[in-house]
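Student: This is the structure I have questions about; it appears just below.
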Amino acid sequence: MWIVPAAIRLELTKSGRRREVPLSSNADAVLARRRAPEAKGYVFGSRNWNSLRSAWESALVAAGIEDLRFHDLRHTLASWLIQRGRTLREVQEALGHQTITMTMRYSHLAPDHLRAAVAVLDHVFPPPRLR
């Protein structure tokens, strides 16, 4: 995996395909600060999973975060994108899923967000009159 402007290129994914993962400008800036010339384009300096895992675990300890797997970030991304009005198709493409069914598994919504979604119907009909 190496960095290109505003995207991370994954050379080999579970599907066996290479793809680019778009980054927000904030994420790109954070990763740019980690980039070192000797890393040859790798964020953590290596293709070795142990290097990534070690860096991840060190970051969790430094931040005081417990019980968070790297994979959990995919669920967070999907949920946040949906809660901010992005379509399931956009989320599917961002996550690299082949099916919308898989994307829906990742797109958990907070209960308050669901209540707000249904509340848009409150103004469709006038409120009932009390007797």
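Student: Each residue of region 126-131 in order: what ³J(HN,Hα) in whole Hz does its phi give by Karplus 6.51 cos²θ - 1.76 cosθ + 1.60, θ = phi - 60°, with x for Gly and Pro?
Tutor: x, x, x, 7, 7, 8
Student: Helix-derived [θ] at 222 nm for the chain: sum -39500 (n - 2.57) over DSSP H runs of at least 4, divide by residue count, nearest 500?
Tutor: So the helix-based figure for the chain works out to -13500 deg cm²/dmol.
Student: Looking at the chain as a GNM with Cα springs under 10 Å, which of Ala59, Ala32, Ala94 has the largest mean-square fluctuation?
Tutor: Looking only at Ala59, Ala32, Ala94, the biggest GNM fluctuation is shown by Ala59.
Student: Would you mind counting up the charge near Val61? Only other residues with Cβ under 15 Å from its Cβ, with Lys and Arg at +1 and Asp and Glu at -1.
Tutor: So the environment of Val61 carries a net charge of -1.
Student: Please find the FRET efficiency linking Trp49 to Asp112, where r is the Cβ-Cβ separation and R0 is fixed at 25 Å, and quote it to the nearest 0.05.
Tutor: Calculated transfer efficiency: 0.10.
Student: Give the order of His71, His108, His97 when sorted by the count of other beta carbons within 10 angstrom, beginning with the fewest.
Tutor: Fewest-to-most Cβ neighbours within 10 Å comes out as His71, His108, His97.
Student: Sum up the charges of everything whose Cβ sits under 14 Å from the Cβ of Leu109, counting Lys and Arg as +1 and Asp and Glu as -1, but leave Leu109 out. Mind dumping the intermediate values first?
Tutor: On the way: positive: Arg84, Arg86, Arg105, Arg115; negative: Asp112.
Combined, the nearby Lys, Arg, Asp and Glu give +3.
Student: Something else now. Under the rule of at least 5 residues apart or a separate chain, name every residue whose amide H is placed under 5 Å from the amide H of Arg19.
Tutor: When sequence neighbours closer than 5 places are left aside, the close amide H contacts are Leu10.
Student: Ok, one more. How long is the gain from Asp67 to Arg9 if the chain were fully straight, where each residue apart is worth 0.36 nm and the alpha carbon distance is subtracted?
Tutor: Details: separation 58, 0.36 × 58 = 20.88 nm, distance 2.73 nm.
Additional length available on full extension: 18.2 nm.
Each reported figure results from applying straightforward, stated rules to the coordinates on display, with no laboratory input. Keep in mind that what you see is a predicted model, and the values were worked out from it rather than measured. Note: ideal-geometry Cβ built from the backbone for every residue, glycine included; neighbour counts use all protein chains shown.
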